[in-house]
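Undergrad: One structure, pasted below without further comment.
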Amino acid sequence: MKEKFIFLLFAVAFFLNTQFNLFHLIPQEKFEYSKLEESETLVIGKLLNSQNGSIFDDGGFTGTYYYEKTISGRGVGGKKSYAKYINNEIPQKQHFDAYKSQIGGQAILYSIFDKIFGLDNKTNILIFRMFNSLALSIILTLFLVWIKRKFGIVTAVISFVLLLFNYWIFLYGKSTWWCNWVYFLPFVYGLFFFEKYETTNFKRYIIVFSLLFFVKFWFTGFEFITVFLICSSIPYIYYVFENKISFYLQFIKRHFLITIIPLIVAILFQLFQFKLLTGNFKDGIAHLKDAYVRRSSGDYFYEKEFGYLNNLKKYHVDIITRYAGNSFINENLTFVKIPFLIIIVTGILCSFILYKKNIERRLVGITWFSIAAPFSWFILFKEHAHIHKHIDFFVWYCPFLLLIILLISLTFNLFLKTSK
């Protein structure tokens, strides 16, 4: 009962930190921006569009809702529409600029909720944000529950404290657009699944994981797709890894099925949306191809204080420098930038200590394998990483830094035991 109360406190603390920044662990200017950043105006536009017509108007896509004849861009136009939305106004639509790179399934669900209950718009958006905050908080708490089961309550408590100070994981946790909780769903579920079933019951594993993959595609489309796929495979490799060729063949076969079925369903639904929007499927295929190219190989150029990175960009060093050098802790609390590189180096030292003492060597190995998840995005989708430097720091945690934090907690707990 005492431990259940502790984990309830963990979930509440995560929720209050995400939804309200109650502990001021997120820089205030970033938290204010995150209350309605540009991407979330796409959800607001969809809600207004559905209120003005039907849920599948303009293909059911999210987008920017313009009630003025002069189009002013998503940043300005989207926020003007938000002001109308929270005042429960439904201005006549002059133009709707659909965002076609994602299904926008989360906004479709929000619109269905709105149609059914007909609540005040301020109440609606609060409920939607609280839902996402709560989902992230519960999933992170379940990760700590797994840590407690496997490594003890002290390690879980240390991990909670370290997690709480990593503000990038919570910054957009409430966002009705980003829905960050979906990226951890298969990872956390897999930890509990293989703890219970070990190498058996793969039929259930494939069915449930396929469903969780579809949830991801429905809520956030193909955003951070390589990160998600690698993150989702970690529990499988950690629990059932065998040094046999058959393991690799089974791994590829099972995860191909888990990925391809929900992926095909999601793509077909998105093409159906294009059919509603433009009248044919070819536009959808062309747009998906273009969206991939723009995120992976678009041309970009650094200016002003980051001009020196132009010489490094062709080697991807610019992206790694940017994403390893930013602070993972609120600088207002520490009065100095503490870059991601610090926590990574600390993880290296802790890995060395644990490996030398023959403690959780498999966990050490899988932790460093998981660095492939954030690197896959920084390297393969460098254009997205360059443009979205307000959000892409999040991929460090899927699940690489979660596991680094666990290694640090295990090492700290080891020192506590030996010092007694």
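The values are calculated or read from the model by the stated rules, or taken from the named source; none is laboratory data. Here the structure is a predicted model, which means the values were calculated and not measured. Glycine gets a Cβ as well: all are built from the backbone with ideal geometry, and neighbour counts include every protein chain shown. When the accessible area is computed, the model is the full protein with side chains, heavy atoms only, and any ligands, DNA or RNA have been set aside. Shrake-Rupley method; radii C 1.70, N 1.55, O 1.52, S 1.80 Å.
Undergrad: Looking only at the range 1-38, filter to residues that are open to solvent by 20 Å² or more (accessible area, probe 1.4 Å) and of a type in the set (Phe, Trp, Tyr); which one of those is nearest to Phe165 (Cα to Cα)?
TA: My answer is Phe23.
Undergrad: If you scan the range 47-78, which residues turn out to be closer than 19 Å to Tyr172 by Cα, assigned to a helix (DSSP H, G or I) and open to solvent by less than 10 Å² (accessible area, probe 1.4 Å)?
TA: The one that is closer than 19 Å to Tyr172 by Cα, assigned to a helix (DSSP H, G or I) and open to solvent by less than 10 Å² (accessible area, probe 1.4 Å): Gly78.
Undergrad: Show the residue pairs that are 6+ apart or on different chains and have beta-carbon atoms under 7 Å apart, the first residue being within the range 379-396 and under 9 Å from Trp168 (Cα atoms) and without any contact (Cβ under 8 Å) to a residue 60 or more places away in the chain, the second being of a type in the set (Phe, Trp, Tyr) and assigned to a helix (DSSP H, G or I).
TA: Listed by first residue and then by second, the contacts come to nothing, as the list is empty.
Undergrad: Can I ask one more? Where residues in the range 174-223 are acidic (Asp, Glu) and open to solvent by 20 Å² or more (accessible area, probe 1.4 Å), which of them is nearest to Glu40 (Cα to Cα)? Break it down stepwise before answering.
TA: Kept after step one, since they are acidic (Asp, Glu), are these residues of the range 174-223: 195, 198, 223.
With open to solvent by 20 Å² or more (accessible area, probe 1.4 Å) added as a condition, the list becomes 195, 198.
Details: Glu195: 37, Glu198: 40 Å.
Across the range 174-223, the extreme among qualifying residues is Glu195.
Undergrad: Failed condition for Leu171, given (1) surrounded by 19 or more Cβ atoms within 10 Å (Cβ to Cβ); (2) modelled with pLDDT under 95; (3) not aromatic (Phe, Trp, Tyr), with all others met?
TA: Among (1) surrounded by 19 or more Cβ atoms within 10 Å (Cβ to Cβ); (2) modelled with pLDDT under 95; (3) not aromatic (Phe, Trp, Tyr), the lone unmet condition for Leu171 is (2).
Undergrad: Please indicate, with yes or no, whether at least one residue in the range 133-146 is within 30 Å of Leu401 (Cα to Cα), at pLDDT 95 or above and in contact with a Leu (Cβ under 6 Å, 6 or more places away or on another chain). Talk me through it step by step, then tell me what you get.
TA: Start the filter on the range 133-146 by keeping residues that are within 30 Å of Leu401 (Cα to Cα), which leaves 133-146.
In the following step, the residues that additionally are at pLDDT 95 or above were identified as 133-146.
Checking the rest, the ones that are also in contact with a Leu (Cβ under 6 Å, 6 or more places away or on another chain) come to 146.
Looking for residues that are within 30 Å of Leu401 (Cα to Cα), at pLDDT 95 or above and in contact with a Leu (Cβ under 6 Å, 6 or more places away or on another chain), one finds at least one in the range 133-146, hence yes.
Undergrad: May I pose another question? Give the number of residues within the range 109-145 that are of a type in the set (D, E, K, R) and surrounded by fewer than 16 Cβ atoms within 10 Å (Cβ to Cβ).
TA: The first filter runs over the range 109-145 and keeps only residues of a type in the set (D, E, K, R), leaving 114-115, 120, 122, 129.
Add one more test, that the residue is surrounded by fewer than 16 Cβ atoms within 10 Å (Cβ to Cβ), and what stays is 115, 120, 122.
Residues meeting the conditions: 3.
Table: residues versus (1) exposed (fewer than 15 other Cβ atoms within 10 Å of the Cβ); (2) hydrophobic (A, V, I, L, M, F, W, C); (3) over 16 Å from Cys231 (Cβ atoms).
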{"position": "Leu349", "(1), (2), (3)": "yes, yes, yes"}
{"position": "Arg362", "(1), (2), (3)": "yes, no, yes"}
{"position": "Trp368", "(1), (2), (3)": "no, yes, no"}
{"position": "Ala373", "(1), (2), (3)": "no, yes, no"}
{"position": "His386", "(1), (2), (3)": "no, no, yes"}
{"position": "Val395", "(1), (2), (3)": "no, yes, no"}
{"position": "Cys398", "(1), (2), (3)": "no, yes, no"}
{"position": "Thr411", "(1), (2), (3)": "no, no, yes"}
{"position": "Thr418", "(1), (2), (3)": "yes, no, yes"}
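Undergrad: Shifting gears a bit: Mind counting the residues in the range 79-118 that are in a helix (DSSP H, G or I), without any contact (Cβ under 8 Å) to a residue 60 or more places away in the chain and basic (Lys, Arg)?
TA: 3
Undergrad: Taking the condition among the polar types (S, T, N, Q) and over 20 Å from Thr220 (Cα atoms), does Thr176 pass?
TA: On the way: among the polar types (S, T, N, Q): yes; over 20 Å from Thr220 (Cα atoms): no.
No: the conditions fail for Thr176.
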